[in-house]
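Peer 1: Quick one: structure below, then a few questions.
The values are calculated or read from the model by the stated rules, or taken from the named source; none is laboratory data. Just so we're clear, the structure is a prediction, and the values are computed from it rather than from any experiment. Note: ideal-geometry Cβ built from the backbone for every residue, glycine included; neighbour counts use all protein chains shown.
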Amino acid sequence: MIKFSATALIHYISPVLQVSDNFQKRELILDDSWEKDGKTYPNYVLIEFTGDKMPLLDNFAPGQRVTVEAYVNGREYQGRYFNSIKGMGIVPYQAPSTVGQRPAQPAPGSYPQQPTYPQAPGAYPQGGYPQTPGGYPQQPAYPQQAAYPQQGGYPQQPPAPAPMPASPQGGNLGPDGLPFR
């Protein structure tokens, strides 16, 4: 299901319609017609309210501007596709407040202005760090220390130890010719 919200004028609200023994509905028809070049293009949208959502329509009348929350349902029958719109909520339309609002779009090629807020007590000044909190003196700047010379390349392995001197034949060697017994 696709959920959407629509704002339009109420054109018609039906009484309760008995569709079957156990199914009732009410129909809300919204008028979303528009004009262009002096010509009116009619656009009427039917939204069904069923079950516990039907009483939501009791406090509204034709000609009233409302905002409706609804779902679009679709189904296929014999190779054809049909949509229905199921109403979930309805409220009187309220125009957005324009008090204290900035212009909707920034000038082309510019960044939108960042809002400015009042400074909180004890907070750091915007864009900086505390100067010297608690009255401590500023730390002195120390000169740059001389660096150790850099050695290039990969670390080198230490040279291999010198080979052991060969012992004379029959010296301190054990029975297998090894230097231990």
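Peer 1: Can you tell me which of Ser5, Ser33 is within 30 Å of Ala95 (Cβ to Cβ) and without any contact (Cβ under 8 Å) to a residue 12 or more places away in the chain?
Peer 2: Numbers: Ser5 fails: without any contact (Cβ under 8 Å) to a residue 12 or more places away in the chain.
On inspection, the qualifying residue turns out to be Ser33.
Peer 1: Now for a separate question. Out of (1) within 29 Å of the chain's Cα centre (by Cα); (2) at pLDDT 55 or above; (3) over 30 Å from Gln24 (Cβ atoms), what's the single condition that is false for Ser110?
Peer 2: It is condition (2) that Ser110 fails.
Peer 1: Considering every residue within the range 9-24, establish whether at least one is under 16 Å from Gly87 (Cβ atoms), modelled with pLDDT of 95 or more and loosely packed, with under 10 Cβ neighbours inside 10 Å.
Peer 2: yes
Peer 1: I'd like the full set of residues that are assigned to a strand (DSSP E or B) and within 40 Å of the chain's Cα centre (by Cα), limited to the range 1-22. Let's see the steps before the verdict.
Peer 2: At the first step, the residues of the range 1-22 found to be assigned to a strand (DSSP E or B) are 2-13, 17-20.
Ile2, Lys3, Phe4, Ser5, Ala6, Thr7, Ala8, Leu9, Ile10, His11, Tyr12, Ile13 - these are the residues of the range 1-22 that are assigned to a strand (DSSP E or B) and within 40 Å of the chain's Cα centre (by Cα).
Peer 1: Let me ask another. Looking only at the range 52-77, which residues are of a type in the set (Asp, Glu) and either over 22 Å from Leu17 (Cα atoms) or touching a Cys at 6+ places or on another chain (Cβ under 6 Å) (or both)? I'd like the intermediate steps shown before the answer.
Peer 2: First, the residues of the range 52-77 that are of a type in the set (Asp, Glu): 52, 58, 69, 76.
Correct list: Glu76 only.
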